[in-house]
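A.B. asks: Have a look at this one before I ask anything.
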Amino acid sequence: MTLTLIYLSLLLSAAIFGFFYAWICSTMWGLDAADPRTAIAAMQAMNASVRNAVFAPAFFGTPLVLAVTAMALWRAGFVKSGALFGLSALVYCSGGLLLTMLINVPMNEALGALDVPPDTAQARDIWVAYSPKWQIWNQARTGASGLSFLLAVAGVVALAQNERR
């Protein structure tokens with residue numbers, strides 16, 4: 001059971017890191033290069049579609065599975081490995097999940113409440129006010145998610161080193 005939790009922890013934490021990372025290196029650059037009216041409409045559509053059963057396990061399940069894995073390892077006597085998985089859960093929960101809920105989601109909802117203006121200059125003003133700020137916070141949650149994944153990997157390494165002794 002613990003091995004299954006470890007695999008699931010790694011899979012979910014890698015998936016959410018990859019999701020946030022993709023926004024950095026492709027999605028937002030593409031939207032920034034597009035007509036701002038198109039960028040606004042596309043971002044509204046993506047934000048509306050992301051709340052789904054495929055995304056939810058990685059976004060909401062990651063900290064839960066990491067924490068359960070930490071507890072299972074700790075109870076099995078693998079204290080260092082359990083602590084690393086626990087820290088991984090804390091880092092993702094605070095820097096990934098909570099940051100998203102407190103900053104990115106409200107920004108997305110504000111953008112979603114707007115009608116796409118037909119005037120390109122007006123749309124550009126909206127997009128320029130939104131995109132750079134959103135991207136900064138996305139980079140922060142990506143960094144936290146990447147660190148969370150690395151901490152989980154460190155937990156696996158600690159477990160492997162413990163078993164060799």
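The values are calculated or read from the model by the stated rules, or taken from the named source; none is laboratory data. In this text the structure is predicted, and so the values were computed from the model without any measurement. Don't worry about glycine lacking a Cβ; one is built from the backbone with ideal geometry, like all the others, and counts go over all protein chains shown.
A.B. asks: On the basis of being over 30 Å from Arg37 (Cβ atoms), out of contact with any Gly (no Cβ under 6 Å at 6 or more places or on another chain), without any contact (Cβ under 8 Å) to a residue 40 or more places away in the chain and crowded, with 16+ Cβ neighbours inside 10 Å, does Ala89 make the cut? Full working, then the answer.
C.D. replies: Details: over 30 Å from Arg37 (Cβ atoms): yes; out of contact with any Gly (no Cβ under 6 Å at 6 or more places or on another chain): yes; without any contact (Cβ under 8 Å) to a residue 40 or more places away in the chain: no; crowded, with 16+ Cβ neighbours inside 10 Å: yes.
Against the criterion (over 30 Å from Arg37 (Cβ atoms), out of contact with any Gly (no Cβ under 6 Å at 6 or more places or on another chain), without any contact (Cβ under 8 Å) to a residue 40 or more places away in the chain and crowded, with 16+ Cβ neighbours inside 10 Å), Ala89 does not qualify.
A.B. asks: Considering every residue within the range 89-108, establish whether at least one is within 16 Å of Val156 (Cα to Cα) and either in a helix (DSSP H, G or I) or among the charged types (D, E, K, R) (or both). Walk me through how you get there before you give the answer.
C.D. replies: The initial filter retains those residues of the range 89-108 that are within 16 Å of Val156 (Cα to Cα), namely 89.
Now restrict to residues that are either in a helix (DSSP H, G or I) or among the charged types (D, E, K, R) (or both): 89.
Taking every residue of the range 89-108 in turn, at least one turns out to be within 16 Å of Val156 (Cα to Cα) and either in a helix (DSSP H, G or I) or among the charged types (D, E, K, R) (or both).
A.B. asks: Output yes when any residue across the range 113-125 is closer than 21 Å to Ala56 by Cβ and either modelled with pLDDT under 95 or not β-branched (Val, Ile, Thr) (or both), and no when none is. Can you show your working first?
C.D. replies: Applying the first criterion (closer than 21 Å to Ala56 by Cβ) to the range 113-125 yields none.
Looking for residues that are closer than 21 Å to Ala56 by Cβ and either modelled with pLDDT under 95 or not β-branched (Val, Ile, Thr) (or both), one finds none in the range 113-125, hence no.
A.B. asks: Turning to a different aspect of this structure: Write out, first by first residue and then by second, each pair whose Cβ atoms fall under 6 Å of each other, whose residues are 6+ apart or on separate chains, and whose first residue, in the range 33-54, is loosely packed, with under 14 Cβ neighbours inside 10 Å while the second is modelled with pLDDT under 95.
C.D. replies: If the second residue must be modelled with pLDDT under 95, no pairs are left.
A.B. asks: Any idea how many residues of the range 109-137 are under 17 Å from Ala39 (Cα atoms) and part of a helix (DSSP H, G or I)?
C.D. replies: Applying the first criterion (under 17 Å from Ala39 (Cα atoms)) to the range 109-137 yields 109-135.
Next, only the ones that are part of a helix (DSSP H, G or I) stay: 109-112, 120-135.
Here the count works out to 20.
A.B. asks: Identify the single condition in (1) of a type in the set (Gly, Ala, Ser); (2) closer than 30 Å to Trp127 by Cβ; (3) crowded, with 21+ Cβ neighbours inside 10 Å that Gly18 does not satisfy, given that it satisfies every other one.
C.D. replies: (3)
A.B. asks: Go through the range 71-86 residue by residue and tally those that are in contact (Cβ under 8 Å) with a residue 40 or more places away in the chain and either aromatic (Phe, Trp, Tyr) or within 14 Å of Ser13 (Cα to Cα) (or both).
C.D. replies: 3
A.B. asks: For the subset of the range 117-165 comprising residues that are in contact with a Ser or Thr (Cβ under 9 Å, 6 or more places away or on another chain), among the aliphatic types (A, V, I, L, M) and closer than 30 Å to Leu31 by Cβ, which member is surrounded by the most Cβ atoms within 10 Å (Cβ to Cβ)?
C.D. replies: Ala144
A.B. asks: Of all residues being of a type outside the set (A, V, I, L, M) and out of contact with any helix residue (DSSP H, G or I) (no Cβ under 6 Å at 6 or more places or on another chain) in the range 1-15, which is surrounded by the most Cβ atoms within 10 Å (Cβ to Cβ)? Just the residue, please. First the steps, then the outcome.
C.D. replies: Let us first name the residues in the range 1-15 that are of a type outside the set (A, V, I, L, M), namely 2, 4, 7, 9, 13.
Next cut, out of contact with any helix residue (DSSP H, G or I) (no Cβ under 6 Å at 6 or more places or on another chain) only: 4, 7.
Working: Thr4: 10, Tyr7: 13.
Residue satisfying both the conditions and the ranking: Tyr7.
A.B. asks: If I ask for residues that are among the polar types (S, T, N, Q) and without any contact (Cβ under 8 Å) to a residue 40 or more places away in the chain, which ones from the range 92-108 would you list? Please lay out each step first, then the result.
C.D. replies: Here is the first cut: in the range 92-108, the residues among the polar types (S, T, N, Q) are 94, 100, 104, 108.
Hit for the range 92-108 is Asn104, nothing else.
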